[in-house]
Amino acid sequence: MNDILLEKYARLIVKTGVNIQKDQILVISSPIECAPFTRMIAEIAFKEGAKDVVVNWKDELFSKTRYLHAPEEVFEEFPQWQKEFYISYVREGAAFLSISASDPEVMKGVDPQRIVKSQKTSSTALKEYRERLMSNKNPWCVVSVPTRSWAKKVFPNLSEDEAIEKLWETIFMTVRVNTEDPVASWEKHKNNLKRRMEFLNSNRFKLLHYKNSLGTDLKIELPENHIWIGGADYTPEGLEFIANMPTEEVFTLPKKTGVNGVVVSSKPLNYNGNLIEGFSLTFRDGKIVDFNAEKGYENLKGLIETDEGSHYLGEVALVPYDSPISKSNILFFNTLFDENASCHLAIGKAYPVCIKDGENMDEEELERLGVNDSLVHEDFMIGTKDLEIIGITESGEEVHVFQNGNFAF
């Protein structure tokens, strides 16, 4: 692998992604397979003035062994030391980096209810940590690095080494590391997203109507004072960071009780190490009242039934069909990439920053404004080449937002 590009990528993550500040702590969650690159990030972070770099190593094969053989009560308890790890660092103002790279089907054969129970337990214990990140109180960033099992799933006709090399090349392209000046490329990209946001925010759409040939026919009401955001995020102190690298989306939140109709998935969803494919959801007054899936039905059921809020949507995101990631014609089986090749929605918790002053409101205030809350937030892809989205303003004017899968403005 090109060492120059690797270092440019690591530097971009540290400087532009989490935007590490002098004497700030960086907390990294990383698969053990990604250790060499994680160490490179740590070294650069220290050189950029980080007070400390703390790594939380993940081992998905061990996790599978635990799901298969541990007693049930293990998944109903969350270790106090792990809770204190996240809560103490988030209160100290640390920056958080997550490396998303997993085998899309590593948990095949595991009881989905065990995974759901474990996730629910951890999400409950780490509620303060999750809420601080989703309100942008701490800088955070999600990136990815190839692993052997993931690369082979994406490029099954290549050898392992060739698949890893190809996936690295593709990742470099999606995060603009292969350009002469990645930082300048990101500035240009952020400005392009900003123009999209300005159009959407100026129109103040009350409702979006989605239709395509897959069978999607969905109306999504947007709450009063909703805000479209994308590209860069900001902490309350005004520190800029990039939450997802890559990112091609502009997004907001739906009114919790204002979603009606049917939506059909356009790409498989990798959820907790299992693939959910060919699924559709039916909504009435915001709530999922029916669903089906060609593959992974029990996993989809587990996701939807996590809690009351997981029966509702928390995000509405727009991504053009001709985005760079979509044009690659690669199915990544990784939401970080697939969601940036397709318009998508998210089941579960909404981002409070998508409504005016939402980051400063408590749960009751957000609930009154139609902001959904849940222990989960899971994106799924719905964009197609023929997707049409009509925006309806407060005055009843209809405006084409998407035509033939792309922005109409």
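Here are a few things to note about the model shown:
- Evaluation of R114 against (1) in a loop (DSSP other than H, G, I, E, B); (2) surrounded by fewer than 20 Cβ atoms within 10 Å (Cβ to Cβ) (one fails), failing number: (1)
- Just one of the listed residues (N272, N260) is more than 23 Å from T384 (Cα to Cα) and polar (S, T, N, Q), namely N272.
- The residues in segment 13-48 that are in contact (Cβ under 8 Å) with a residue 60 or more places away in the chain, charged (D, E, K, R) and under 19 Å from F241 (Cα atoms) can be counted, and the count is 1.
- For segment 145-181, the set of residues classified as surrounded by fewer than 20 Cβ atoms within 10 Å (Cβ to Cβ), touching a Lys or Arg at 6+ places or on another chain (Cβ under 8 Å) and not in a helix (DSSP H, G or I) consists of F155, L158, listed by residue number.
- Looking at segment 323-399, none of the strands (runs of 3 or more DSSP E) lying wholly inside it contains 1 or more residues that are without any contact (Cβ under 8 Å) to a residue 60 or more places away in the chain and outside the structural domain of V264 (by TED's automatic domain parsing).
- Among the residues making up segment 182-226, those that are in a loop (DSSP other than H, G, I, E, B) and either of a type in the set (D, E, K, R) or crowded, with 19+ Cβ neighbours inside 10 Å (or both) are R204, F205, K206, N212, T216, L222, P223, E224.
- Options V110, V154; residue that is touching a strand residue (DSSP E or B) at 6+ places or on another chain (Cβ under 9 Å) and assigned by TED's automatic domain parsing to the domain that holds Q21: V110
Yes/no matrix, rows are residues, columns are (1) modelled with pLDDT of 95 or more; (2) over 17 Å from the mean Cα position of the chain (by Cα); (3) within 25 Å of L269 (Cβ to Cβ); (4) assigned by TED's automatic domain parsing to the domain that holds E73:
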{"site": "R114", "(1), (2), (3), (4)": "yes, yes, yes, yes"}
{"site": "E128", "(1), (2), (3), (4)": "yes, yes, no, yes"}
{"site": "V143", "(1), (2), (3), (4)": "yes, no, yes, yes"}
{"site": "D161", "(1), (2), (3), (4)": "yes, yes, no, yes"}
{"site": "L167", "(1), (2), (3), (4)": "yes, yes, yes, yes"}
{"site": "T170", "(1), (2), (3), (4)": "yes, yes, yes, yes"}
{"site": "D181", "(1), (2), (3), (4)": "no, yes, no, no"}
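- Hits in segment 70-83 - residues which are assigned to a helix (DSSP H, G or I) and exposed (fewer than 11 other Cβ atoms within 10 Å of the Cβ): E72, E73, Q80, W81
The values are calculated or read from the model by the stated rules, or taken from the named source; none is laboratory data. Predicted model only: the values in this text are computed from it and were never measured. Glycine gets a Cβ as well: all are built from the backbone with ideal geometry, and neighbour counts include every protein chain shown.
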